[in-house]
1. Within the bounds of segment 84-91, is there any residue that is more than 8 Å from the ligand (Cβ to nearest atom), assigned to a loop (DSSP other than H, G, I, E, B), modelled with pLDDT of 95 or more and at negative phi?
2. So, in segment 46-79, of the ones that are outside any helix (DSSP H, G or I) and within 19 Å of Val5 (Cα to Cα), which residue ends up farthest from the ligand (Cβ to nearest atom)?
3. crowded, with 17+ Cβ neighbours inside 10 Å, modelled with pLDDT under 95 and of a type in the set (Gly, Ala, Ser): is that true of Gly146 in this structure?
4. Just to be sure, is Lys46 at negative phi, in contact with a Cys (Cβ under 6 Å, 6 or more places away or on another chain) and basic (Lys, Arg)?
5. For segment 9-19, state whether one or more residues are within 9 Å of the ligand (Cβ to nearest atom), among the polar types (S, T, N, Q) and part of a helix (DSSP H, G or I).
6. Can you tell me which residue among Glu135, Glu120, Glu171 is within 11 Å of the ligand (Cβ to nearest atom) and loosely packed, with under 15 Cβ neighbours inside 10 Å?
7. Quick one: how many residues across segment 20-45 are closer than 27 Å to Tyr144 by Cβ, in a loop (DSSP other than H, G, I, E, B) and without any contact (Cβ under 8 Å) to a residue 60 or more places away in the chain?
Amino acid sequence: MHFTVEAQNKIRSHIESVRTCGPIVALDGTAGNGFDTCFLAELVGKEGRVVAMDLQEDAILITRNKLEALGWLERVNCIRDCHSNAQRYLEPHCGHGLNVAMFNLGYLPLGNKEIITKQETTLAALNAVFGVLVENGILSVLSYPGHTGGSDEHVAVEAWIDQVKKHARIETYRDENNRLSPVLWLVFT
Ligand SMILES: C[S@@+](CC[C@H](N)C(=O)[O-])C[C@H]1O[C@@H](n2cnc3c(N)ncnc32)[C@H](O)[C@@H]1O
C-alpha cells in the first residue's frame, strides 16, 4: 500500500462527500517535499486556504516552488515553525473551524534525517488541531515505527488515537505482515 496516496484519496473522497460550511480550510502539519500541501491546495480550491508548516527552511522553499509552478501559491500560507504552534496560524482562517489536517511524521526524504518529528510536539499539535476540527472534519496521521527515533513517537501517537476513539471514528491502515509497517490513521470528527 502506498500510504501517502491512500491518505490523500481518503481525504478527497471524504471532503467530496460532506457538506462544508464556507471555504475549506486545511493544515499540512509537515510540508516536507510539498506533495501533501499541493494536494490540499488543489482540494480547497480558489476560495479555500491551506496552512503548511515545516521546521526546515528547505522544506518550505521546495513547497513554495511547487505551489508557484502550479499557480496555487496564493491559497497557501507556508510557515517555517513547529506544528505545535499551528493554532496561532490557523486562527485567522478558522472562522468555521478546520476541515482537514495532515501529519506525515518522520524526516524529510532526501533531507536531513536527524530532523524528525518528536512525540512531545507532535502530541501538542494533534491536540491543538483536533480541538478546532469541524464536525465532519478529517485528520490523517502517518507514523513510521521502523524509522530511527520513530518508535517512541509511534507508541505515543497510538495511545493518543486510543483516547480520541471515544470522540471520533478511526480508520487504521497498515501492512499486517510487517511489524514495522508505517501506520495510517484517519480520524473522522
Ligand atoms: C515525512 S516528511 C513530510 C512529507 C510531506 N508531507 C510531503 O508531502 O512531502 C516530515 C517533515 O516533518 C518536518 N518536521 C519535523 N518536525 C517538525 C515539527 N516539529 N514541526 C513541523 N514540521 C516538522 C520535517 O522537517 C520533514 O520535512
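The values are calculated or read from the model by the stated rules, or taken from the named source; none is laboratory data. Because the structure is predicted, anything quoted here is derived from the model rather than measured. All Cβ positions, glycine included, derive from the backbone under ideal geometry; neighbour counts span all protein chains shown.
1. If we filter segment 84-91 for residues that are more than 8 Å from the ligand (Cβ to nearest atom), which is where we start, we get 85-91.
Checking which are assigned to a loop (DSSP other than H, G, I, E, B) leaves us with none.
No, there is no match, as no residue in segment 84-91 is more than 8 Å from the ligand (Cβ to nearest atom), assigned to a loop (DSSP other than H, G, I, E, B), modelled with pLDDT of 95 or more and at negative phi.
2. Going through segment 46-79, the residues outside any helix (DSSP H, G or I) turn out to be 46-56, 71-72, 76-79.
From the residues that got through so far, the ones that are within 19 Å of Val5 (Cα to Cα) too are 50, 52.
Details: Val50: 12, Ala52: 9 Å.
If we take residues in segment 46-79 being outside any helix (DSSP H, G or I) and within 19 Å of Val5 (Cα to Cα), then Val50 is farthest from the ligand (Cβ to nearest atom).
3. Details: crowded, with 17+ Cβ neighbours inside 10 Å: no; modelled with pLDDT under 95: yes; of a type in the set (Gly, Ala, Ser): yes.
So Gly146 does not fit the description; no.
4. Working: at negative phi: yes; in contact with a Cys (Cβ under 6 Å, 6 or more places away or on another chain): no; basic (Lys, Arg): yes.
Judged against the criteria, Lys46 is not a match.
5. Here is the first cut: in segment 9-19, the residues within 9 Å of the ligand (Cβ to nearest atom) are none.
Checking segment 9-19: not a single residue is within 9 Å of the ligand (Cβ to nearest atom), among the polar types (S, T, N, Q) and part of a helix (DSSP H, G or I).
6. Numbers: Glu135 fails: within 11 Å of the ligand (Cβ to nearest atom); Glu171 fails: within 11 Å of the ligand (Cβ to nearest atom).
So the residue among Glu135, Glu120, Glu171 that is within 11 Å of the ligand (Cβ to nearest atom) and loosely packed, with under 15 Cβ neighbours inside 10 Å is Glu120.
7. 2
Yes or no, residue by residue, for (1) hydrophobic (A, V, I, L, M, F, W, C); (2) on the phi > 0 side of the Ramachandran plot; (3) within 15 Å of the chain's Cα centre (by Cα); (4) part of a helix (DSSP H, G or I):
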site	(1), (2), (3), (4)
Pro109	no, no, no, no
Lys113	no, no, no, no
Leu139	yes, no, yes, no
Asp152	no, no, no, yes
Trp160	yes, no, no, yes
Lys166	no, no, no, no
Arg179	no, no, no, no
